[in-house]
1. Tell me the residue from 275, 306, 290 that is in a helix (DSSP H, G or I), within 18 Å of residue 345 (Cα to Cα) and either within 16 Å of the ligand (Cβ to nearest atom) or not assigned by TED's automatic domain parsing to the domain that holds residue 220 (or both), please.
2. Would you please name the residue that is farthest from the ligand (Cβ to nearest atom), looking only at residues in the stretch 125-145 that are surrounded by fewer than 24 Cβ atoms within 10 Å (Cβ to Cβ) and not in a helix (DSSP H, G or I)?
3. Just to check your reading of the model, which residue among 415, 371, 338, 379 is within 25 Å of residue 84 (Cβ to Cβ), away from the ligand (no atom under 13 Å from the Cβ) and in contact with a helix residue (DSSP H, G or I) (Cβ under 9 Å, 6 or more places away or on another chain)?
4. Looking at the stretch 148-167, which of its residues are more than 17 Å from the chain's Cα centre (by Cα), more than 12 Å from residue 207 (Cβ to Cβ) and in a helix (DSSP H, G or I)?
5. I'd like to check which helices (runs of 4 or more DSSP H) are fully inside the stretch 188-270 and have at least 3 residues that are surrounded by 22 or more Cβ atoms within 10 Å (Cβ to Cβ) and free of Cβ contacts under 8 Å to residues at least 40 places away in the same chain.
6. Check 39, 28 and return the single one that is surrounded by 15 or more Cβ atoms within 10 Å (Cβ to Cβ) and at pLDDT 95 or above.
7. Search the stretch 106-115 for residues being crowded, with 24+ Cβ neighbours inside 10 Å and under 26 Å from residue 256 (Cα atoms), and hand back the single one that is farthest from the ligand (Cβ to nearest atom).
8. Looking at residue 333, is it modelled with pLDDT under 95, outside the structural domain of residue 22 (by TED's automatic domain parsing) and under 20 Å from residue 210 (Cβ atoms)?
Ligand SMILES: *Cc1c(COP(=O)(O)O)cnc(C)c1O
């Protein structure tokens, strides 16, 4: 029998995260204080983030950063996750390519987001923080953080992008099961929300508006920290557990990827699957292609400009050096809520400038066609976000069909779509469109 799933024991949960900044020839430029235009130091971030996260954010020297033992014990609830050879998908396409996916959908909350929610909540708890707040789009980050906050006995308040709050009621329910306070954003509960609603009472919300509100709440609440689910360097760092495991599992399969693919919102799951492999590109000159799959309606890596931009709509965050569509960009209401973000994070943006990262734009209908084919072939219904990675993987596998090349393709399955079935309903009934492209 051909081996389909490559499984590592709990003892193989990584003991350290991989900090790619240490190995980059051109380091990411620093974040800037928007008032003084001075580079941000870790201490400048302490009022907002857990101190350890702030330290990790600016760490450009330590290649390996220890994962606290308590965090590894929580990771053990669902890690190591399986690496799967997608024989069914290969057959459905008729490709000679070998397709593998890392299945990050198999955890209590259904997406890779938990990999960073757990350490962030842990560092807050260690420091005596009592309250945490955040934004969420489709709700995966909010759900992951609500659960992680519960694990450590922290009170959690989540601003959810209004359109997603309405489109995906069950994610809200999931957050509420874990006792989180969930508010649709923009809301009247913050200065930022009031300003946005005064200018446009029908504003449907975006990750940018929700971040503004969460940051404001964190700054105005005693003993409260703001936790972010993507974009920032420390979040990408935590996600490297994905690629570190995958590296060992690919070795078990006796292969090394020619192409590594992840869908792209703010860059955390793409970083997670890519960076451990990219280290061999940086240090040993291995030739691997790294492809970020973003939605055609929010194409920061292909159409955006490299600039210093705010991470949020109202301009509360430091200025981040990144590919961006502008912090006031209003993404269309696509179902892949987790990909509706205007910017790309400092590390990925630098790697893209340096030619290490490629990007492709996927249209909404093509993403669902790919996701449906994958579901039929492999039995897993992918998250609308993950469908973008699948579509890019299928495109590459089809090229191999034409050329006859037996390339090894690895993509990250960032989450399952079982709470996104309204989106699939619309796709199947033909009412879904390619909006905003
Ligand atoms: C949040 C999310 C994404 C996008 O975020 P990244 O930080 O770019 O990874 C992708 N897939 C799923 C399932 C998500 O929840």
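The values are calculated or read from the model by the stated rules, or taken from the named source; none is laboratory data. Quick caveat, the model's predicted, so the values are computed rather than measured. Neighbour counts run over all protein chains shown; Cβ positions are idealised from the backbone, glycine included.
1. Result of the check over 275, 306, 290: 275.
2. 128
3. Answer to the check: 379.
4. 149, 150, 151, 165, 166, 167, listed by residue number.
5. Here the list is empty.
6. Only one candidate qualifies: 28.
7. 115
8. Spelling it out, residue 333 is indeed modelled with pLDDT under 95, outside the structural domain of residue 22 (by TED's automatic domain parsing) and under 20 Å from residue 210 (Cβ atoms).
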